[in-house]
Amino acid sequence: MARRRGPPWRAVLSRAAWLVLLAVLPWWLGLPWLLALAASVVLLQHRLADRHAALIRRGMRWGLPGVLFALQRAWGGDAFALGAALLGALAGYTLLAGLEAWLDRGVRRAPPAAPSAEWPELAMAPIGPPAEIIELQPVQWLAAAGELPDPLGGHVVYRTGCYRFAAGNRIDDVGPQAAFSPCGRWFAARLRRDRGVLLWDRRRERQHWLHGWQLVGWHREQPWLARREGDMPLALSAVLGEDDVDGA
């Protein structure tokens, strides 16, 4: 159950009553009370509840003027006594501020909130991932007239629609035009009657028979294809996710 707080004027009256009490009492009675409050908040800082510690601090802030008033009254209440009381107030509140700063040295304060961007900045801010300019390396088609040099070593022999590689791999039912990716990972061959393209990932040993697609270039050792000349090229991953692929 939440604790009900009294009206603000009640708290002000209690603090004013404390100030008046110390002002009426002799200074040699009020000063020990202030020193006792300061000693308790220093020695018991880890045992006191936050509410009690705050109450003691308010008692020191409001009690100091009362003790100084009692002190200047004891000194005769003349101009010298008033000046001494004002100097005492300056020194006392300086010490009190230093004491509270020392007590709050381990308190973590929330960092200030970052200023929110204005609407022109939000309107001009980029949306989505950063754009990337893709420059495709053109495909170097080779006419398979007997043998083709293999970028990974050896030669590829072509005989009537069949490619034979030095490692023993064989690809059938393709046309006489073939190409390799810049580093040799991919082997591409046009299908007969130019009905599509075969792509062979030699690293993963996977073949993709893509009917109705044309190989238009390479980017980062990956093939990019288009349906017809002039269309926007697509990466192989996009093509495999949108079209039927016959795996061989």
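Filter the stretch 143-176 for residues that are under 51 Å from the mean Cα position of the chain (by Cα) and part of a strand (DSSP E or B) and give the result. Correct list: Pro149, Ile171.
With respect to Ala54, is the statement that it is hydrophobic (A, V, I, L, M, F, W, C), over 21 Å from Gly98 (Cβ atoms), in the same structural domain as Thr94 (by TED's automatic domain parsing) and out of contact with any His (no Cβ under 6 Å at 6 or more places or on another chain) true?
Details: hydrophobic (A, V, I, L, M, F, W, C): yes; over 21 Å from Gly98 (Cβ atoms): no; in the same structural domain as Thr94 (by TED's automatic domain parsing): yes; out of contact with any His (no Cβ under 6 Å at 6 or more places or on another chain): yes.
Considered against the rule, which asks whether it is hydrophobic (A, V, I, L, M, F, W, C), over 21 Å from Gly98 (Cβ atoms), in the same structural domain as Thr94 (by TED's automatic domain parsing) and out of contact with any His (no Cβ under 6 Å at 6 or more places or on another chain), Ala54 comes out as no.
If you go through the stretch 199-214 and keep only what is assigned to a loop (DSSP other than H, G, I, E, B) and touching a Gly at 6+ places or on another chain (Cβ under 8 Å), you end up with Arg202, Gly212, Trp213.
Considering the conditions (1) exposed (fewer than 12 other Cβ atoms within 10 Å of the Cβ); (2) in a strand (DSSP E or B); (3) among the small types (Gly, Ala, Ser), Gly241 is excluded by exactly one of them, (2).
In the stretch 214-233, the residues that are under 17 Å from Ala189 (Cα atoms) and touching a residue at least 24 places away in the same chain (Cβ under 8 Å) form Cβ pairs under 6 Å with partners that are in a strand (DSSP E or B) and among the polar types (S, T, N, Q), at six or more places apart or across chains, as follows: Gly217/Gln137; Trp218/Gln137.
Examine the stretch 11-24 for a residue that is out of contact with any Pro (no Cβ under 7 Å at 6 or more places or on another chain) and not in a helix (DSSP H, G or I), and state whether such a residue exists.
First, the residues of the stretch 11-24 that are out of contact with any Pro (no Cβ under 7 Å at 6 or more places or on another chain): 11-18, 20-24.
If we keep only those that are not in a helix (DSSP H, G or I) too, we end up with none.
Looking for residues that are out of contact with any Pro (no Cβ under 7 Å at 6 or more places or on another chain) and not in a helix (DSSP H, G or I), one finds none in the stretch 11-24, hence no.
The values are calculated or read from the model by the stated rules, or taken from the named source; none is laboratory data. Computed from a predicted model, the values in this text were never measured in an experiment. Counting neighbours? That spans all protein chains shown, and the Cβs are built from the backbone with ideal geometry, glycine included.
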